[in-house]
1. Below 14 angstrom from the Cβ of A34, what's the summed charge of the other residues (Lys, Arg +1; Asp, Glu -1)?
2. Sort R193, R35 by heavy-atom solvent-accessible area, probe 1.4 angstrom, most to least.
3. For the Cα atoms of the chain, what angle does the longest principal axis make with the long axis of helix 153-180, in degrees from 0 to 90, nearest 10?
4. Could you calculate the contour length gain from I220 to L9, that is, 0.36 nm times the residue separation minus the distance between their Cα atoms, to one decimal place in nm?
5. Run the helix sum for the chain: -39,500 (n - 2.57) per DSSP H stretch of 4+ residues, divided by residue count, reported at 222 nm to the nearest 500 deg cm²/dmol.
6. Measure off 7 Å from each Cα along the Cα-to-Cβ vector at V131 and I161, then give the distance between these two points in nanometres to one decimal.
7. Once label points are set 7 Å from the Cα along Cα→Cβ at both K117 and M30, what is their separation, rounded to one decimal in nm?
8. Taking the range 187-224, which GluC sites (Glu not before Pro) meet the DSSP loop condition and have no more than 16 other C-beta atoms within 10 Å?
Amino acid sequence: MNDVIGQLLPLAVGIAVSPIPVIASILMLMSPRARTTSLGFLLGWILGIAVVTALFTVASSMLPEREDDGGAPILGTIQLVLGVVLLLLAVRQWRGRPRDATTASLPNWMKSIDQMKFLPALGLGLLLAAVNPKNLLLGASAGVSLGSSGTSVEQTIVLVILFTIVAGSTVLAPVLAYLIAADALRVPLNRLREWLEAENAVIMTVLLLILGTVVLAKGIAAFG
């Protein structure tokens, strides 16, 4: 089980340090409906991560058993594809980066966050967790690793929960902290948001490059 946790942890951290969801949650905490929208977004974010991971875990558990020589070509092929796509996303992110901090831009939908209510915020959290290509690929990679690990049903459930908590922690932490001490966190959260906006492309490029290489290496190793 410890080996599986070691495989899942980098993928969970990869989702956790995604700048866009963290920025979105901070913007919601600065909005007129801070408590309602941030809780809706948090719920959607957590559900999205859990559902993607669970679905790919179930699907990958149906793959053929490893061959006599220890190889798993189907699993390896899936991981190779996921790794290559993550590396391509890293290249795309780097090529599309702003040339200086003053030209850094965020998605247009963030302008409407001030007017969001609970359900739209929940839907946004689901989309960013389950439909966003990078998070979808990382959740899929986690599910594939978990589903092919041979752990029991009880252990698998615990690992999915653990993965979801770690992956969702960077949205969970500021939302819960804000509910406890809103006034004290306004300035630090705003500074964090500004830094993430400026460094979004660099963070994502490095992250995708590292995780793509890790998943690719796991795919190669699966061939035995």
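The values are calculated or read from the model by the stated rules, or taken from the named source; none is laboratory data. Note that this is a predicted model, so its numbers are computed, not measured. Heads up, the Cβs are rebuilt from the backbone with ideal geometry, glycines too, and the neighbour counts pull from every protein chain shown. For the accessible areas, the whole protein counts, side chains as well, though only heavy atoms, and no ligand, DNA or RNA atoms are used. Shrake-Rupley method; radii C 1.70, N 1.55, O 1.52, S 1.80 Å.
1. With Lys, Arg at +1 and Asp, Glu at -1, the neighbours total +3.
2. R35, R193
3. Its long axis makes an angle of about 10 degrees.
4. Difference between extended and current length: 74.0 nm.
5. When only DSSP H runs of four or more count, the value is -26500 deg cm²/dmol.
6. 3.0 nm
7. 2.5 nm
8. none
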